[in-house]
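Here the structure is laid out as structure tokens; the discussion comes afterwards.
The values are calculated or read from the model by the stated rules, or taken from the named source; none is laboratory data. This is a predicted model, so every value here is computed, not measured. All Cβ positions, glycine included, derive from the backbone under ideal geometry; neighbour counts span all protein chains shown.
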Amino acid sequence: MKRTIYRALYGSRYDRVPWGQRIYVRPGERLAREVQWRLRLRRAELLTLAEYRERTDLGEIEEFVVCHLCGDSRQQPLFRPTGPKGRWSYQVVRCPGCGFLYRNPNIRPERLGDLYANGYSAFLTGKYAADRRRRYRLTMDSFHPVFAQGGGRRLLDFGCGAGLFLELAEQRGFDAAGVDLSPDSVAEANRRLSRARAYHGTPEDVPEIAVGGFDVITLWSVLAHLPRPLDDFRRFRSLLAPGGVLMILTVNAASLQLKAHGSAWNGFTKNHLMFYSAETMPTLLRRTGFAGVAFTPFYGDTVEAGTTKLSEPLQRRLRRKVEASDGGNMLRALAFADDEAIDRWGGGLKVRHLPKYEG
Ligand SMILES: [Zn+2]
């Protein structure tokens, strides 16, 4: 049925455009999706936490939570992402106070290790690794010159997995270290790295890391997995040296693709817990003592790398739509520890200053 409507509207013009790009290039689609999104929010039920608990099942490793960003306990159930053959499923709610999207029930932090007991080492080769490296490079470039030359600066990669990024960081001259919850991945990382080191555990488990003084901390696709983001970000802030920056790549809760695909959005993966946008992330940063933040729009890896098959005019259209809605599928942020960091690294970026949090 839907297919028939799109066929009538657009003919076969956009058939060869990949799904991930199509909604950004079909004329009128961005506005239609925005309207659809606002209607969805208006129609969504608004429940007290008590009402919500009443009607929601709680798994063994789960707990009910309230909005981590603003403390509002009211629940607006929006999505129920479900894995292939129903192997997993969870409920995503929206905070009516600040618009934050999060999984509720969430995973109990002490059971988080259960999700990562087995490593990701299998993904280290071939196209997966090449795609990953390309994404790292494009994102680093977008925050130029932070990552251009390490010059011996100290870098911590939080959630370093099997060390794909640490490898790039040591090549660029950073004095790099990583931590990860998966012992298999850490062992694999240390087999491959020369100067950089990976450690199993959390930063406070590792004396070399707990001393802090990092110039750069990176979170590559890690933020959505954190069940206690405020605690973690306070720790990151204290681990940063004066003038230090925190780089974040995560799925974008304002993505036009989420607005179009709903529960089937590819950002709703099995282990994701919280979903940030350029609207909600500043609250997390402000509350944990950061002085500013800059976002760079995400146009998709093939567009940014210049390997897309889209024509030039369609590429321009895609870029315009991404910018108009803050609607790229990934969110990229550079958070500044203090004013010195803004002076040093904020030059070519649109920096949003964050007022001091009195809480
Ligand atoms: Zn909230």
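Before moving on, here are some points about what is shown:
- For residue 136, the conditions (1) modelled with pLDDT of 95 or more; (2) more than 19 Å from the chain's Cα centre (by Cα) all hold with the exception of (2).
- Residue 169 vs. criteria at pLDDT 95 or above and under 21 Å from the mean Cα position of the chain (by Cα): yes
- Tabulated pairs, the range 262-286, first at pLDDT below 95, second within 16 Å of the ligand (Cβ to nearest atom), C-beta under 9 angstrom, 6+ apart or interchain: none
- Among the candidates 48, 82, residue that is surrounded by 14 or more Cβ atoms within 10 Å (Cβ to Cβ), polar (S, T, N, Q) and more than 14 Å from the ligand (Cβ to nearest atom): 82
- Flag if residue 69 is at pLDDT 95 or above, within 16 Å of the ligand (Cβ to nearest atom) and part of a loop (DSSP other than H, G, I, E, B): yes
- Qualifying positions in the range 85-116 - surrounded by 15 or more Cβ atoms within 10 Å (Cβ to Cβ), more than 16 Å from the ligand (Cβ to nearest atom) and assigned to a strand (DSSP E or B): 107
- Conditions (1) away from the ligand (no atom under 16 Å from the Cβ); (2) within 26 Å of residue 282 (Cα to Cα); (3) among the aliphatic types (A, V, I, L, M): number failed by residue 61: (2)
- Contact map, the range 55-73: residues that are within 13 Å of residue 102 (Cα to Cα) paired with residues that are of a type in the set (Phe, Trp, Tyr) and part of a loop (DSSP other than H, G, I, E, B), Cβ distance under 7 Å, separation 6+ or inter-chain. Pairs shown: 67/100; 69/100.
- Residues satisfying the stated conditions in the range 276-307, i.e. closer than 15 Å to residue 240 by Cβ, in a loop (DSSP other than H, G, I, E, B) and more than 16 Å from the ligand (Cβ to nearest atom): 289, 290, 291
- Members of the range 305-324 that are surrounded by 19 or more Cβ atoms within 10 Å (Cβ to Cβ) and within 18 Å of the chain's Cα centre (by Cα): 322
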